[in-house]
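A short write-up of the structure that comes next.
The values are calculated or read from the model by the stated rules, or taken from the named source; none is laboratory data. Predicted model, so just to flag it, every value in this text is computed and none were measured. When we count neighbours, we look across all protein chains shown, and the Cβ atoms used for this are built from the backbone with ideal geometry, even at glycine. Heads up: the accessible areas ignore ligands, DNA and RNA and are worked out on the full protein's heavy atoms, side chains in. Shrake-Rupley method; radii C 1.70, N 1.55, O 1.52, S 1.80 Å.
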Amino acid sequence: MRSSDLPEVRDLQLFRSMSEERFAELMQAAYLQTFPAQLDLIAEGDSADFLYVVVEGCVELYASWNDRQATMGMVHPIGTFILAAVIKDAPYLMSARTVDKSKVLLIPAEDVRQVFEADSDFARAIISELADCYRGMVKEHKDLKLRSAVERLANRLVSFEKEQGGTGELVLPYDKRKLASMLGMTPENLSRALNTLRPYGVDVDGNVIRLTDMPALTTLAKPSALIDDRTT
């Protein structure tokens with residue numbers, strides 16, 4: 001890794017509190033690389049050779065079974081993926097590919113495990129990261145189990161609008177096929193759900209969506225911090 005990249009990496013929450021000596025040891029064989037969009041990074045079932053940290057761009061996690069494929073999640077900066085597999089030295093449970101041009105840090109898995117054992121501050125940061133991932137998965141599971149498809153979509157639109165400035169207009173951050181998969185829907189069901197939301201002030205123009213009646217949409221969505229707040 002270039003020395004000029006080290007300050008940017010050092011400032012990441014995962015590495016901020018660890019000792020300089022252990023950080024240097026961890027970065028010795030790591031490298032920061034820029035990948036083009038739609039490039040496969042890992043395949044489920046393969047050995048966990050690296051820990052991946054998304055520094056710029058976006059990475060899609062997905063899984064396949066019996067000729068079916070589903071988007072499991074999106075990783076944005078600054079986020080790790082496949083951390084549990086690295087710590088357990090276990091096969092990847094998901095595949096990953098870039099959505100956009102992305103800058104990704106790759107750290108050899110064996111180095112991560114060695115420093116995890118030797119540096120208590122790094123170990124605590126790893127545990128905190130894993131706890132955040134676990135809580136995020138529980139919230140996703142609650143969203144899928146407790147809400148209808150229309151309610152899941154309504155809540156996601158409310159979240160997107162808030163994240164993009166609360167102007168009443170949003171741009172879908174992913175294409176509709178990926179969004180449908182993330183919400184446990186088919187693309188056809190997503191289209192029907194969008195039509196169902198029209199009386200609630202949802203106006204669709206391609207990937208641009210205008211929310212003209214936020215009180216009505218919010219009443220339908222019934223957002224809950226115990227499901228929709230992904231920061232806690």
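Report, in deg cm²/dmol and to the nearest 500, the calculated mean residue ellipticity at 222 nm for the chain, where each DSSP H run with n ≥ 4 adds -39500 (n - 2.57) and the sum is divided by the residue count. Don't skip to the answer; put the middle values down first.
Values: 10 runs with 100 residues, N = 232.
Calculated from helices alone, the mean residue ellipticity at 222 nm is -12500 deg cm²/dmol.
Would you mind computing, in nm to one decimal, how far apart the modelled labels at residue 12 and residue 163 are, each placed 7 Å from Cα along Cα→Cβ?
Output for this residue pair reads 2.0 nm.
Work out, step by step, the length gained on full extension between residue 216 and residue 56: first 0.36 nm times the residue separation, then minus their alpha carbon distance; give nm to one decimal. Can you show the working numbers first?
Working: separation 160, 0.36 × 160 = 57.60 nm, distance 3.58 nm.
Working it through step by step, the gained length comes to 54.0 nm.
Angle between the Cα long axis of helix 120-146 and the longest principal axis of the chain, 0 to 90 degrees, nearest 10?
For helix 120-146, the angle is close to 20 degrees.
Please work out which option in (1) 1.22; (2) 1.11; (3) 1.16 gives Cα Rg over 2.2 N^0.38 Å calculated from these coordinates, and answer with its label.
Here Cα Rg over 2.2 N^0.38 Å agrees with entry (2).
Hey, what do the phi angles of the range 187-194 turn into as Karplus ³J(HN,Hα) couplings, whole Hz, using 6.51/-1.76/1.60 and θ = phi - 60°, x for Gly and Pro?
Ordered by residue, 3J(HN,Hα) equals x, 5, 5, 5, 4, 5, 5, 4 Hz.
Given the Cα-Cα distance of residue 90 and residue 4 and 0.36 nm per residue of separation, how much length would full extension add, in nm?
Values: separation 86, 0.36 × 86 = 30.96 nm, distance 3.26 nm.
Once the chain is fully extended between residue 90 and residue 4, it gains 27.7 nm.
Report the relative contact order of the chain, percent, no decimals, based on alpha-carbon pairs under 8 angstrom and at least 6 residues apart. Mind showing how you got there, number by number?
Working: 371 pairs, mean separation 44.6, N = 232.
Result for the chain is 19 percent.
State the Cα centre-to-centre distance between the range 215-232 and the range 26-52 in whole Å.
Spelled out, the Cα-based centre of one part sits 34 Å from the other.
Between the helical axis of 149-163 and the dominant principal axis of the chain, each derived from Cα atoms, what acute angle in degrees is found, rounded to the nearest 10?
That works out to roughly 60 degrees.
Note the full-extension length gain between residue 34 and residue 195 as 0.36 nm times their separation in residues minus their Cα-Cα distance, in nm to one decimal. If you can, show how the numbers build up before the last one.
Values: separation 161, 0.36 × 161 = 57.96 nm, distance 3.90 nm.
Result: 54.1 nm gained on full extension.
Run the accessible area of the chain with a 1.4 Å probe and give the carbon-and-sulfur part as a rounded percent.
Values: 6450 of 12350 Å².
The value for the chain is 52 percent carbon and sulfur by accessible area.
Choose one answer from 102, 181, 19: the residue with the largest mean-square fluctuation in a GNM of the chain with alpha-carbon springs under 10 Å.
Per the Cα network of the chain with a 10 Å cutoff, 19 tops the list.
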